[in-house]
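See below for the structure under consideration.
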Amino acid sequence: MTKVFLLVAVLAVVFAGSTAHAITYGTVDTANTYSNVGGLVTTSARTGEQYVYCTGTLISPTVLLTAAHCDIGTEVACVTFDVTLSEKSKLYCGTFIASPYYSQTQNDPNDLAVIVFDKPIHGVMPATIVQEVGYLDDYGPTQSTQFLSVGYGGTEFTNAPGGPTAQYTDTRMFATGTFNALGPGYIRISQNRATGSAGTCYGDSGGPQFLDGVLVSITVTGDTLCKSTNVVQRLDTEQAQEFIQAALDGELL
């Protein structure tokens, strides 16, 4: 899986030149239920158009949680909380800060980052985030436990002359997948459509998984065609909690 983590990190940059992928076989958030989930936005150097390249979740009025590999080389990152990105979308900008523990370690990459906004975001209720080390171990998820993922971008791969091609919408969607396995720093979640599950894909990185309404992990990687397994970063580890708490306490800037 080390190679897979590296692949996702590379693709997050490669697709920054075009667009991003996201929830597969999901549902558009037409009711704006997940209004605290935002899309990280940049501008294509090739077309001059804005697009969503990653996802994040507002965890306080001034802090959005996302993935460290969503770093595109700029100190300032901008976010929209609109369901669909458009020319009229308002962007909120802040400082991108990756976890100091971020690595390519297979068991626990600490693939976490925050965007600290210059001013508080008003009118958006922050998500309830896990605050307990070992929360998922105590919860004891089983094969029937469902995780709800949220994210922006493409929807599914379709066959094309050049090979499988993702469809893009830059729209917030959500989907439910069932528990597969729990590791030291990650969760594996099934997104096999044949079993009724759905999940995430490239560029959806940083997007949340909710368990009983609590933000417990974020998307970091998965299988190449996004048909089998979503691998997500746990937020209930000691180092993850340390980084998140420092961000909430305003100690990172």
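Annotation: peptides 54-63, 206-215, ranked by per-residue average of other Cβ atoms within 10 Å with the highest first, follow the order 54-63, 206-215.
Considering only the other residues whose Cβ falls under 15 Å of the Cβ of Thr142, what net charge follows from Lys and Arg at +1 and Asp and Glu at -1? Neighbourhood net charge equals -2. Computed about its Cα centre, the charge dipole of region 81-129 is approximately 200 debye, with only Lys, Arg, Asp and Glu carrying charge at their Cβ.
Every read-out reported here was derived from the displayed coordinates using simple, explicitly stated rules and does not represent laboratory data. Nothing here was measured: the structure is a model prediction, and the numbers come from that model. Reconstructed Cβ throughout: ideal geometry from the backbone, glycine too, with neighbour counts over all protein chains shown.
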